[in-house]
Amino acid sequence: MMYNVQTMKHLKVAEARARFGEILDEAEMGNAVVIERRGMLFRLVAEPSPARSTTPAASPFAKIDDDVMAGQWTWTAAASGLRFSPRRKKR
């Protein structure tokens, strides 16, 4: 595959190291960047982010007790499962 290096930013590897942040910004803006090392050309192009799901994550709990939701109980994770304990009342 041939690249049209005339329209891309073309840098030697030493310059690319010194300006790495700028190169990433350039690629993020949709501009391909070519980095040359010992005659080999490397083309840097940003990958689009995967689409995020708009549905909320499923709860690991089938039902949460109203007293737990009201803050009267709390739980801690244990090897055997969840351990419930009453929440201490503030004085």
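The values are calculated or read from the model by the stated rules, or taken from the named source; none is laboratory data. All values reported here derive from a predicted model rather than from experimental measurement. No Cβ is skipped: glycine too gets one built from the backbone with ideal geometry, and neighbour counts run over all protein chains shown. In case anyone asks, the SASA skips ligands and DNA or RNA and just uses the protein heavy atoms, side chains included. Shrake-Rupley method; radii C 1.70, N 1.55, O 1.52, S 1.80 Å.
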Region 73-91: number of residues that are among the basic types (K, R) and exposed (fewer than 10 other Cβ atoms within 10 Å of the Cβ): 4
In region 39-72, what count of residues is obtained for those that are open to solvent by 100 Å² or more (accessible area, probe 1.4 Å) and either acidic (D, E) or in a strand (DSSP E or B) (or both)? 4
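Return a yes/no flag: does region 15-36 have any residue that is assigned to a strand (DSSP E or B), of a type in the set (K, R), out of contact with any Gly (no Cβ under 7 Å at 6 or more places or on another chain) and at pLDDT 80 or above.
Taking every residue of region 15-36 in turn, none turns out to be assigned to a strand (DSSP E or B), of a type in the set (K, R), out of contact with any Gly (no Cβ under 7 Å at 6 or more places or on another chain) and at pLDDT 80 or above.
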Kindly list, by first and then second residue, each pair from a residue in region 41-55 that is in contact (Cβ under 8 Å) with a residue 24 or more places away in the chain to a residue that is open to solvent by less than 100 Å² (accessible area, probe 1.4 Å), limited to pairs with Cβ atoms under 6 Å and residues at least 6 apart or on different chains. L41/V34; R43/Y3; R43/A32; R43/V34
